[in-house]
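J.: Can you keep this structure in mind? I'll have questions shortly.
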Amino acid sequence: MTTPGYKYALCLGNKVLPTVYLLLYHGTDEHPHSSTRVGGLPAKGTDLELLHHAEPPPGVAPNSAFRGATLFVLSLLRDAGAALWGQYVYEISAYPGYDVVTLLQGRIPCPGGFRGVLMQAEQEIAIPAEVPLARITRAGIVKPNLRGLPIIEWVSPWP
């Protein structure tokens, strides 16, 4: 079985190979019905540099070839996860990705030394933006519970 996506990403100009993740979750405002019509989640930009994905350069329009994903829908404290990124969550299986927090940790030049990504709490995995429908195992709607905290109502059947 071939794995979709790019053969590599760039980490500060150096090629890095992806890890294939069993399950990932992507939060978005892209409605599941629109995704089924176009055959999955659409491609975006052409920039393969992970730093530009995690922290787009100031004054430059974002052109990342990636979209964000996490290893979980929502953290136990409900303060991190794909459910916080939009109205819908997609579960994606057997897909390549790049752990931007780990790959960039201590490698971003800054005054006085080096640092990691600014949004470490997101625990983001950058994945190739174009996700074929065959890799989307289910989709869910993010709704507030009685306390206003997000919960997921999985769409059935999918697609």
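J.: Whose amide H sits under 5 Å from the amide H of Arg67, counting only residues 5 or more places off or on another chain, with H placed in the peptide plane?
T.: Amide H to amide H, under 5 Å and 5 or more residues apart or across chains, Arg67 pairs with Ile127, Ala129.
J.: Karplus couplings for segment 126-131 from phi (6.51 cos²θ - 1.76 cosθ + 1.60, θ = phi - 60°), rounded to Hz, Gly and Pro as x?
T.: 7, 10, x, 4, 7, 10
J.: What are the ³J(HN,Hα) couplings of segment 53-70, residue after residue, when phi is run through the Karplus curve with 6.51, -1.76, 1.60 and θ = phi - 60°? Round to Hz, x for glycine and proline.
T.: Whole-Hz 3J(HN,Hα) from phi for segment 53-70: 6, 5, 9, x, x, x, x, 10, 5, x, 9, 5, 7, 10, 10, x, 8, 9.
J.: What percent do you get for the relative contact order of the chain when only Cα pairs under 8 Å and 6+ apart count?
T.: Computed over the chain, the figure is 29 percent.
J.: Can you list residues whose amide H is under 5 Å from Leu23's amide H, if they're 5+ apart or on another chain and H is modeled 1.01 Å from N?
T.: Placed amide hydrogens put Ala94 under 5 Å from Leu23.
J.: Which chymotrypsin sites (Phe, Trp or Tyr not before Pro) in segment 21-80 sit in a loop by DSSP (not H, G, I, E or B) and have at most 16 other Cβ atoms within 10 Å of their own Cβ?
T.: When the chymotrypsin sites (Phe, Trp or Tyr not before Pro) of segment 21-80 are filtered for loop state and at most 16 Cβ neighbours within 10 Å, Phe72 remain.
J.: Computed from the mean reciprocal separation of all distinct C-alpha pairs, what Kirkwood hydrodynamic radius does segment 33-125 have, in Å?
T.: 14.9 Å
J.: Tabulate in residue order the Karplus-calculated ³J(HN,Hα) for segment 40-50, using 6.51 cos²θ - 1.76 cosθ + 1.60 with θ = phi - 60°, rounded to whole Hz; enter x for Gly and Pro.
T.: x, 8, x, 5, 10, x, 10, 6, 8, 7, 5
J.: Take every DSSP beta bridge whose two residues both sit in segment 9-154, then give the antiparallel share in percent to the nearest 5.
T.: Counting only bridges with both partners in segment 9-154, antiparallel ones make up about 95 percent.
J.: Of the trypsin sites (Lys or Arg not before Pro) in segment 1-88, which ones lie in a loop per DSSP and count no more than 11 other C-beta atoms within 10 Å?
T.: Counting only loop positions with at most 11 other Cβ atoms within 10 Å, the trypsin sites (Lys or Arg not before Pro) in segment 1-88 are Lys7.
J.: Under a 5 Å amide H to amide H cut-off, with H placed in plane at 1.01 Å, what residues pair with Gly40 once short-range neighbours are removed?
T.: Leu133
Only the coordinates and a few stated rules stand behind these numbers; no lab work does. Everything numeric in this text was worked out from a predicted model, so none of it was measured. Every residue, glycine among them, receives a Cβ derived from its backbone with ideal geometry; neighbour counts consider all protein chains shown.
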